[in-house]
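Working notes, structure below.
The values are calculated or read from the model by the stated rules, or taken from the named source; none is laboratory data. Not measured: the values here are computed from a predicted model. Every residue, glycine as well, gets a Cβ built from its backbone with ideal geometry; the counts of neighbours run over all protein chains shown.
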Amino acid sequence: MKNIFSTAIIASVALVSCGAVQSIVQNTFPYTANVLISTGVPANKEVSSTATASNVQTWFGGNNNAKIKDVRISDAKISVVSPSGGNLSDFKSVKVYISSNGTGEKLVASRSDISTTSSSINLDLNDTGYLDEVVKSSGLTVRTVYELKNQTSSDMNIKVALNFSSIPAQ
């Protein structure tokens, strides 16, 4: 009898912990996209770059986005990831749009008057309401619109990291 009771408790703890881990993973999840800023990009002109974003679910071959709802943007950040380093002081402004395979585009984050010498900054979020249909699609597209203060002296790679929050669908 003692063994049955112990087994039941261990099984219950294991099931609850698996549910808790799934809940944590599903309630906040990141998407990333890379943008190449070429040397020839002119200053004081908005330039657009589009990339397909990836998240941890697609890395491991799964897509559990059907199990979430009320998706909103919770954090947006850009970082320089060039092997030669660099900083964001060359940027005047950045805007980040998301869409589902290029349709239904929504502005989710932006930043103007960038005056940092840091290699990463948080963007200002644009509360566009719920983003369920865009995030639940099979192809999340990120379009980054940027304007440079000065033409860069070398190519620079920028990583756009978007975090979304949601609640589990019942």
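Figures for the structure shown
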read-out: So Ser99, is it among the small types (Gly, Ala, Ser) and either at pLDDT below 90 or farther than 15 Å from Asn157 by Cα (or both); value: yes
read-out: The listed residue being among the charged types (D, E, K, R), on the phi > 0 side of the Ramachandran plot and out of contact with any Gly (no Cβ under 9 Å at 6 or more places or on another chain), out of Asp113, Asp90, Asp155, Asp127; value: Asp113
read-out: Qualifying positions in segment 91-108 - part of a strand (DSSP E or B), farther than 16 Å from Val47 by Cα and of a type in the set (Gly, Ala, Ser); value: Ser99, Ser100, Gly104
read-out: Breaking point among (1) out of contact with any Leu (no Cβ under 7 Å at 6 or more places or on another chain); (2) part of a helix (DSSP H, G or I); (3) of a type outside the set (Phe, Trp, Tyr), for Val134; value: (1)
read-out: Subset of segment 87-103 that is hydroxyl-bearing (Ser, Thr, Tyr) and crowded, with 16+ Cβ neighbours inside 10 Å - its residue that is farthest from the chain's Cα centre (by Cα); value: Ser100
read-out: Leading residue by the ranking (surrounded by the most Cβ atoms within 10 Å (Cβ to Cβ)) among those in segment 104-122 that are of a type in the set (Gly, Ala, Ser) and farther than 10 Å from Lys92 by Cα; value: Ala109
read-out: Selection status of Thr58, within 25 Å of Ser166 (Cβ to Cβ), of a type in the set (Ser, Thr, Tyr), touching a strand residue (DSSP E or B) at 6+ places or on another chain (Cβ under 6 Å) and at pLDDT below 90; value: no
read-out: Enumeration of residues in segment 108-137 that are over 13 Å from the mean Cα position of the chain (by Cα) and more than 25 Å from Ser82 (Cα to Cα); value: Asn126, Asp127, Thr128, Gly129, Tyr130, Asp132, Glu133, Lys136, Ser137
read-out: Of all residues in segment 147-170 being under 13 Å from Gly86 (Cα atoms) and of a type outside the set (Val, Ile, Thr), the one that is modelled with the highest pLDDT; value: Lys159
